[in-house]
Amino acid sequence: MPAATPHPTACLTLADGTVFYGHGFGAVGETVAELCFNTAMTGYQEIMTDPSYAGQVVTFTFPHVGNVGVNPDDDETADPVAAGMVVKWDPTEPSNWRAADALKDWLARRGRIGIGGIDTRRLTRAIRQQGAPHVALAHDPEGKFDIEKLVAKARAWSGLVGLDLAKDVTCAQSYRWDEMRWSWPEGHAKRTEPGHRVVAIDYGAKRNILRCLASAGCDVTVLPASASAEDVLALEPDGVFLSNGPGDPAATGEYAVPMIRKILDKDVPLFGICLGHQMLALALGAKTVKMNHGHHGANHPVKDLETGKVEITSMNHGFTVDSQTLPEGVKETHVSLFDGSNCGIRMTDRPVFSVQYHPEASPGPQDSYYLFERFVTAMADRKQA
Ligand SMILES: NC(=O)CC[C@H](N)C(=O)O
């Protein structure tokens, strides 16, 4: 039930002046960001710790958020990365055998603001109509809000377009990754030794992607986003992986695209996910554009144009590859059945491919795991050739 405070303790102010008052939880303070909505019914901890949400406040359309608490295993990175969260019901005390902490305390310790008691249906309609708005989210137990100032801050925020956030969330140094998935995808072979040497570029990588790569047969070395092509090639990779990440692909692409092009010149198998997909497309000569309100959820149907199969996927992106700009030699392989937007590409003459969605997040639940195996098969074929 909503907390029985006599006054609102948090407010969400949209740049157009609309104000939503609610109950604050987590950290006290203010944040300015883009507002998006996520339609997943589970996985709030993974969502809040997905580095791709840097610079965004997430509205959860599912009303009950926080009731299973948080645990040490489900983080996709060390800290919450999303700027804040908006929910309908205030989080209850956690009730789950895995819970190690309450969502509100976990958020407070990590400096992230939550607001409960919000009409998330109305808010989601506003996001769909206006496009993802810029917002200021404030939490003050005293309930003292200077709305004019908050609106001004939301208006003054420059937004995600043109913003490179990968540099803020990437790892500081390279490291090896060998942890595998905790559950084995049904019907898929266990990895065989020796593994293929894979260099994964971390633009804000989710841990479960690295687990899936390791499980499928990759010996993974993770390099920071600023790694040069020379740094990558010095490790003599059998394959290169480009991770997901926050911000505008065109901005991160300013340094990543020239690096990716040099890798492409070496004809090494390459696989990209989400931001990695967008930057591969840029490196191949296509364009990316900002979407109206993006795709964020765990129920997005995607059609594989080559097999006709439909996968249920997890998505989190606010930019998209404009398939009209794909050059010759690059094929569109997957499309969203919600709006027809591009969800995958591959080079027609080389083992270079990528997807916009998140094959590691498994809402299907294993529909998209084949992509990790496809990458491993490409590396194995290359060695045999
Ligand atoms: N999950 C991701 O990698 C997101 C990619 C990019 N930041 C976007 O919003 O489109």
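The values are calculated or read from the model by the stated rules, or taken from the named source; none is laboratory data. All values reported here derive from a predicted model rather than from experimental measurement. Counting neighbours? That spans all protein chains shown, and the Cβs are built from the backbone with ideal geometry, glycine included.
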* Return the residue satisfying two criteria in turn: it lies in the range 193-207 and is over 16 Å from the mean Cα position of the chain (by Cα), farther than 15 Å from A234 by Cβ and not small (G, A, S), and of such residues it is nearest to the ligand (Cβ to nearest atom). => H196
* **Search result, residues across the range 62-93 that are surrounded by fewer than 21 Cβ atoms within 10 Å (Cβ to Cβ) and of a type outside the set (D, E, K, R)** => F62, P63, H64, N67, V68, N71, P72, T77, A78, W89, T92
* How many residues does the range 319-362 hold that are assigned to a loop (DSSP other than H, G, I, E, B), within 25 Å of A205 (Cβ to Cβ) and in contact with a Pro (Cβ under 9 Å, 6 or more places away or on another chain)? -> 3
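Residue by residue, here is whether (1) on the phi > 0 side of the Ramachandran plot; (2) surrounded by fewer than 14 Cβ atoms within 10 Å (Cβ to Cβ); (3) of a type in the set (D, E, K, R); (4) modelled with pLDDT under 95 holds:
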| position | (1), (2), (3), (4) |
| --- | --- |
| I113 | no, no, no, no |
| D119 | no, yes, yes, no |
| A136 | no, no, no, no |
| H139 | no, no, no, no |
| E179 | no, yes, yes, yes |
| S183 | no, yes, no, yes |
* Does the range 235-259 hold any residues that are of a type in the set (V, I, T) and within 10 Å of the ligand (Cβ to nearest atom), and which are they? -> T252
* Long-range neighbours under 6 Å by Cβ, at least six apart or interchain, first residue under 14 Å from A156 (Cβ atoms) within the range 13-24, second surrounded by fewer than 17 Cβ atoms within 10 Å (Cβ to Cβ) -> T13/V19; A15/R155
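Rundown of residues vs (1) within 29 Å of R125 (Cβ to Cβ); (2) modelled with pLDDT under 95; (3) away from the ligand (no atom under 12 Å from the Cβ), yes/no style:
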{"site": "H296", "(1), (2), (3)": "yes, no, no"}
{"site": "E306", "(1), (2), (3)": "no, no, yes"}
{"site": "E311", "(1), (2), (3)": "yes, no, yes"}
{"site": "H317", "(1), (2), (3)": "yes, no, no"}
{"site": "T320", "(1), (2), (3)": "yes, no, no"}
{"site": "S323", "(1), (2), (3)": "yes, no, yes"}
{"site": "E332", "(1), (2), (3)": "no, no, yes"}
{"site": "V335", "(1), (2), (3)": "yes, no, yes"}
{"site": "D339", "(1), (2), (3)": "yes, no, yes"}
* Go through the range 261-282 residue by residue and tally those that are of a type in the set (A, V, I, L, M) and within 19 Å of G162 (Cα to Cα). => 5
* Would you check if there is a residue in the range 211-225 being of a type in the set (A, V, I, L, M, F, W, C), under 20 Å from the mean Cα position of the chain (by Cα), away from the ligand (no atom under 16 Å from the Cβ) and in a loop (DSSP other than H, G, I, E, B)? => no
* **Total residues in the range 30-53, condition hydrophobic (A, V, I, L, M, F, W, C), assigned to a strand (DSSP E or B) and touching a Ser or Thr at 6+ places or on another chain (Cβ under 9 Å)** => 3
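A quick yes/no check of all residues on (1) more than 24 Å from C343 (Cβ to Cβ); (2) buried (at least 24 other Cβ atoms within 10 Å of the Cβ); (3) modelled with pLDDT of 95 or more; (4) in contact with a Pro (Cβ under 9 Å, 6 or more places away or on another chain):
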{"residue": "R191", "(1), (2), (3), (4)": "yes, no, no, no"}
{"residue": "H196", "(1), (2), (3), (4)": "yes, no, yes, yes"}
{"residue": "D202", "(1), (2), (3), (4)": "no, yes, yes, yes"}
{"residue": "N208", "(1), (2), (3), (4)": "no, no, yes, no"}
{"residue": "A229", "(1), (2), (3), (4)": "yes, no, yes, yes"}
{"residue": "E236", "(1), (2), (3), (4)": "yes, no, yes, no"}
{"residue": "A251", "(1), (2), (3), (4)": "no, no, yes, no"}
* Asked: Is there any pair linking a residue in the range 283-312 that is without any contact (Cβ under 8 Å) to a residue 60 or more places away in the chain and in the same structural domain as Y53 (by TED's automatic domain parsing) to one that is surrounded by fewer than 18 Cβ atoms within 10 Å (Cβ to Cβ) and of a type in the set (D, E), with Cβ under 6 Å and at least six apart or on different chains, and which?
  -> none
* **First in the range 160-179 and more than 16 Å from the ligand (Cβ to nearest atom), second anywhere and among the small types (G, A, S), Cβ under 8 Å, 6 or more apart** => S174/A227; W177/A200; W177/A214; D178/A214; E179/A214
* **Candidates A380, A385, filtered to the one that is free of Cβ contacts under 8 Å to residues at least 12 places away in the same chain and more than 17 Å from K309 (Cβ to Cβ)** => A385
* May I ask you to say which residue of M85, M48 is under 23 Å from D168 (Cα atoms), more than 16 Å from the ligand (Cβ to nearest atom) and in contact (Cβ under 8 Å) with a residue 40 or more places away in the chain? => M85
* **Residues of the range 260-284 satisfying the condition of being within 16 Å of the ligand (Cβ to nearest atom), more than 17 Å from L223 (Cα to Cα) and not in a helix (DSSP H, G or I)** => C274
